[in-house]
């Protein structure tokens, strides 16, 4: 399947590999000694032949390593430097057989190629990138060798002392021997550029606590374990959730618990909870954007308390009065996020002389102690980012591939040089020029690109990577839609991403599976959706596709002064359809749901 992103990424990796090869060639003394040696042996034509032998040796080593596996780079690098020294010695002779010179160059390339192949087990490099690395080295070597040879020819016409050639040959040989000695003491460090496969997809946002080392919860309020009453106001999009934690022993008289009653029986708990709920509701005052808000008494629970947080009991048990904790939750629905909120405690007593109060918003939290002389805390909206979820359609983009415009004329030049070489006109030099222009083709490929539509029928079923990207755009919309509180709005937002019968199914049947909710009713705010993988991709009618997808959802739940990090994993069969130019979920069947955190 043709995918523009993967083609562009490969072109970027190819350019990086060619440039890495060029840098490797000019950044190594043994390579510079080799350049000098071949430039002294036979002028431009001879340099082109010897550089070709070196390149063929490297390619042969890469091919062998692909079959037999890589080798330790130390000995091959030393042998390559020795081969360069032998070439420099040949430059001192009046003449040398061409076959011997090409053989020494090929041997040097073979040994050096073995060293290059040794990086593959330790990096995400591919054989194609390694071949492009060799191409970059070859192109720079050819270009420099031809430039040196032609420059030497021009200089020789005017001035050439008898000792020049010998001095340069000795310099090349000495450098090669010195390099071999250094390599024997310090192993070479070779680098091959990595090919980014773009496997990791962007989520909705950076989820705090997404890492495996992050604890499952974090305290946002100071620990005041002996306080008779504690107040926690969580400000979220569309909802203000006021949770009040009450020690039953402190309000025993208000709750109708007698002094000789050590254990609260299960059958008495509902009436006690109702009295505590009425007491709390009558004592608190909330104003939202300057308007008094009564709120709705959402629930009253007997709680379990530990250092990791507070949770409602799953089943009622007899509660020791001295240890029992009761949670009262009052909910205020709002259109979005208010500009200001004030919270006050209206009556204090000997049983409740003060109330620790914590206000928590999506970005921060703050705590105060409410007392008779300071009974109000005020919150102002200073959020840096708007926490209101956005749901937008995911457009169906026609398959395209990037065409590197600057590379096209260079490709034509490469083909022309190839034709000249095939006809036998100065074949070594023509082939050398073709290799240099081929390397230049890859180097400039990422600079200027234009998207070219793929012919009809190619890429009709997306690749695994493309399917993941599509789902990474569609699935977060489902979770964002469920963050709205108004039922009609939820349905309308879902309609942007879900179609057909699945719109009803997602809204009714799959709502519990797709909404992360704590015991106690606090709903998770989804922070990140990551598509782990998509396989078994098949076409469906209408130009869509279906596949089995695995994704994780991470979110935060805030209640009773703790922020809990939750992560679920889903395994489902999902079918996507193209509707009015947008991707929509046609069917979804959740096969497995797993709580990871």
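Could you give the distance between the Cα centres of the stretch 247-291 and the stretch 417-454, to the whole Å? About 83 Å separates the Cα centre of the stretch 247-291 from the one of the stretch 417-454.
A full extension of the chain between residue 249 and residue 411 corresponds to an added length of 49.8 nm, given 0.36 nm per residue minus the alpha carbon distance. Residues 570, 279, ranked from the fewest to the most other C-beta atoms within 10 Å, line up as 279, 570.
If R0 is 41 Å, the Cβ-Cβ spacing of residue 582 and residue 364 corresponds to a FRET efficiency of close to 0.65. On full extension, the segment bounded by residue 464 and residue 397 gains 22.5 nm, given 0.36 nm per residue less the C-alpha separation. Counting other Cβ atoms within 10 Å as a rough exposure proxy, the listed residues 584, 597 run 597, 584 from fewest neighbours to most. Between the C-alpha center of the stretch 135-151 and that of the stretch 529-597 there is a gap of 54 Å. By the count of neighbouring beta-carbon atoms within 10 Å, fewest first, 258, 556 end up ordered 258, 556. With each label modelled as a point 7 angstrom along the Cα→C-beta vector, the residue 422-residue 346 pair spans 9.3 nm.
Distance between the modelled labels on residue 487 and residue 299, one decimal in nanometres: 1.9 nm (7 Å Cα→Cβ projection).
Values quoted throughout were computed directly from the atomic coordinates according to the rules given, and no laboratory measurement underlies them. Quick caveat: nothing in here was measured; it's all calculated off a predicted structure. When we count neighbours, we look across all protein chains shown, and the Cβ atoms used for this are built from the backbone with ideal geometry, even at glycine.
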